[in-house]
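The values are calculated or read from the model by the stated rules, or taken from the named source; none is laboratory data. Everything numeric in this text was worked out from a predicted model, so none of it was measured. As a convention, Cβ positions derive from the backbone with ideal geometry for all residues, glycine included, and neighbour counts pool all protein chains shown.
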Amino acid sequence: MTGQKFRPYDLKNQLSPQLKLSFWRVPSFIAFGLLLISLLFFGCKQQVASKDMATLVEGNTKFALNLYSQLRTQPDNLFFSPYSISTAIAMTSAGAKGKTATQIDRVFSFNLPPASRPPAFAQLTYQLTDTKGYQLSIANRLWAQKNFPLLPPFVKTTQDFYGAPIESLNFANAAEASRTINAWVGDRTQNKIKDLLSPNDLGSCTRLVLTNAIYFKGNWLNQFDSGETKNQPFTLASGEKQQVPMMFQSYKFGYAEFENLQVLEMPYQGNKVSLVIFLPANPDGLPKLEGALTADNLQKWLSLSQREVEVYLPKFTFEQSLQLKDVLSKMGMADAFSYQPGVADFSGISDKTNFFVSDVIHKAFVEVDEKGSKAAAVTAVTMCTGEGPCASPAPAPQPVFRADRPFLFLIRERESGTIVFMGRFANPSSLKNSNPVKITPEPQNLCQ
């Protein structure tokens, strides 16, 4: 299915060749009956698929918020794609067994049965990439050590439902293998992300690398006028002020106010994907907001109404690098990373023993300007062996949404509710830092 969109439960494709051939050999009333039964059957199947996709999105959202709660302790800005991470681990989990699989399912809130999960991911990916007015592309690939045996059911699942072809590499030549994977990453992210892997991330013991890449480019439904962009102060949590290029426009947007919080939703062209900004009332209010970031509160905060809003939003561009082994282990899936014999169980990927995940490496990029936004992310799993009141009150004053202090933001697909990207903007000066933050040091002596 490489290069093609997965179209789940397409009736035309689901009808068997035998049924197609025999259709005209029976009386018309029987043929009509068969057709009616087929339509009812596949209609029920479509409903089940939609329900599975909703369950998947709910679990993905829970994981996104849980991961954010772990990462928010690091300083300054933060950006990642929970969807990219979930997809890469979902491919990996297709070959996980026993306690290893149970831990992965719990951490990632994979609440669907193993057989239902890949079709749900396929359907959700198709919905996300069925774009009009914006660009959102998703690609997966497996990189296997030459002559390393992968089990056919695992290969079939990753190819049929995740569209992940396999390419053979010689990981003993780590420099060449990392160059090959990084070239694919750059190509799939319009060169917004480069050098995902260093030679130190690979080694002679590396047997498989599973990668997901996602790229988004959207222009605002109502763009900012670059002539209105002016340098204005941005107040850090410490009270320090820094100058930032602040964009301005007045337009109707989804908007809501809560105690010590403003929420703004700015759609991109096509009106299917939007940027949602959560702005605390005070410059030092972001930690309290992050601590209250639950699925229930998120649903409440997204109860927006259309209002004319004066919007002040800083331009920003930054990237983030994360090595997630320690974080995911702390969240509860330590067995997957264990090199101790008999602990990690990926016997559904290969019949080779002592096969474990050495790291989960993630890199993300975001750019917000007057025209719109660009965002990209790549994940590599490296494996070694509201309604208004009825009365008509006096017109409320036009709200002002001035993002001149730290805020949290999402890039979200509105129909499914999928959080594609997530982050915070807290310190403009850190944008000049060319060395992205990493959660753990570069791995050393990988194969020892």
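Could you list all residues from the stretch 202-228 that are polar (S, T, N, Q) and surrounded by fewer than 18 Cβ atoms within 10 Å (Cβ to Cβ)? Selection gives SER204, ASN219, ASN222, GLN223, SER226. Residue-level check: of (1) at pLDDT below 95; (2) surrounded by 20 or more Cβ atoms within 10 Å (Cβ to Cβ), LEU275 misses just (1). Any chance you could count how many residues in the stretch 135-155 are within 27 Å of VAL366 (Cα to Cα) and surrounded by 19 or more Cβ atoms within 10 Å (Cβ to Cβ)? The number of residues fulfilling the criteria is 7. Any idea which of PRO314, PRO280 is more than 26 Å from GLN127 (Cβ to Cβ), at pLDDT 95 or above and under 24 Å from the mean Cα position of the chain (by Cα)? Just a single option satisfies the conditions, and that option is PRO314.
Looking at THR180, THR158 in this structure, which one is modelled with pLDDT of 95 or more, out of contact with any Lys or Arg (no Cβ under 6 Å at 6 or more places or on another chain), hydroxyl-bearing (Ser, Thr, Tyr) and buried (at least 19 other Cβ atoms within 10 Å of the Cβ)?
Values: THR180 fails: buried (at least 19 other Cβ atoms within 10 Å of the Cβ).
That would be THR158, the only listed residue that is modelled with pLDDT of 95 or more, out of contact with any Lys or Arg (no Cβ under 6 Å at 6 or more places or on another chain), hydroxyl-bearing (Ser, Thr, Tyr) and buried (at least 19 other Cβ atoms within 10 Å of the Cβ).
Looking at this structure, is SER358 touching a Pro at 6+ places or on another chain (Cβ under 9 Å) and surrounded by fewer than 22 Cβ atoms within 10 Å (Cβ to Cβ)? No; evaluated as a whole, the condition is false for this residue. Has the stretch 230-240 got at least one residue that is under 26 Å from ILE349 (Cβ atoms) and either among the hydroxyl-bearing types (Ser, Thr, Tyr) or buried (at least 21 other Cβ atoms within 10 Å of the Cβ) (or both)? So far as the stretch 230-240 goes, no, none of its residues is under 26 Å from ILE349 (Cβ atoms) and either among the hydroxyl-bearing types (Ser, Thr, Tyr) or buried (at least 21 other Cβ atoms within 10 Å of the Cβ) (or both).
Remark: pairs (first residue in the stretch 277-288, of a type in the set (Gly, Ala, Ser); second residue part of a loop (DSSP other than H, G, I, E, B); Cβ separation under 7 Å; 6+ apart in sequence or on different chains) = ALA281/ASN260; GLY285/ASN260. Of all the criteria given as (1) at pLDDT 95 or above; (2) assigned to a strand (DSSP E or B), the one not satisfied by ASN222 is (2).
Considering only the stretch 94-106, I want to know if a residue exists there that is among the β-branched types (Val, Ile, Thr) and either touching a helix residue (DSSP H, G or I) at 6+ places or on another chain (Cβ under 7 Å) or buried (at least 23 other Cβ atoms within 10 Å of the Cβ) (or both).
Let us first name the residues in the stretch 94-106 that are among the β-branched types (Val, Ile, Thr), namely 100, 102, 104.
Going one step further and asking which of them are either touching a helix residue (DSSP H, G or I) at 6+ places or on another chain (Cβ under 7 Å) or buried (at least 23 other Cβ atoms within 10 Å of the Cβ) (or both), we end up with 100, 104.
Yes, because at least one residue in the stretch 94-106 is among the β-branched types (Val, Ile, Thr) and either touching a helix residue (DSSP H, G or I) at 6+ places or on another chain (Cβ under 7 Å) or buried (at least 23 other Cβ atoms within 10 Å of the Cβ) (or both).
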